[in-house]
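What follows draws every value from the coordinates through simple rules; no lab data is involved. Computed from a predicted model, the values in this text were never measured in an experiment. Reconstructed Cβ throughout: ideal geometry from the backbone, glycine too, with neighbour counts over all protein chains shown.
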Amino acid sequence: MPKRLFIPLLLILSVPALAQQMTSMTSSFLQQKVKIDSLVSAAESDKYMEHAAFNGKARAGRYRVECFYNSTSKEILKANYLFITDSLNFNKVYYFKGNSVIKVNDNNVSMYYLVGDQLLHEQGSMATPAISKTLMGVIADTWQGLYNALFQ
């Protein structure tokens, strides 16, 4: 009999603790999202950024990328990739802080935030591993070439 009472009691006590943990994770993401969105807004409104465009090829296909950067701090603030494929053209816009990705606009449809090492949807849920691999693969394939072309 005491064993039967123990399990429901344990469930009753653990559910609020889990809910509180989820609430703190959500509020932490919301705070990060506000910071990231303000950095993106500042990058979008800065009319004095330097600008360069390049063509290249990555695993996702041929692309043209427009980079918006600050040559004094050697910092890329925005990279707008237009991928050209046989069947479909698509774009991905990456925003950076300290030359690290903070936000990705995927084909003007989905927004993703990089918080720590986690790629999250704008609602705070985790991006699928396939999406994360694809989006971060573009930067892995092209980052060093872009940085060298702009600052070396």
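Here are some notes:
- Region 76-152, relative contact order in percent, only Cα pairs under 8 angstrom and at least six apart counted: 16
- For a paramagnetic label modelled on Gln31 (point 7 Å from Cα along Cα→Cβ), amide N atoms under 20 Å away belong, within region 107-144, to 113-126.
- Cα gyration tensor, region 45-151 - rounded (a/c under 1.5), prolate or oblate: oblate
- Distance between modelled label sites at Tyr147 and Ala52, nm, 7 Å Cα→Cβ extension: 1.4
- Dipole in debye (nearest 20) - region 26-152, about Cα centre, beta carbon charges: Lys, Arg +1; Asp, Glu -1: 160
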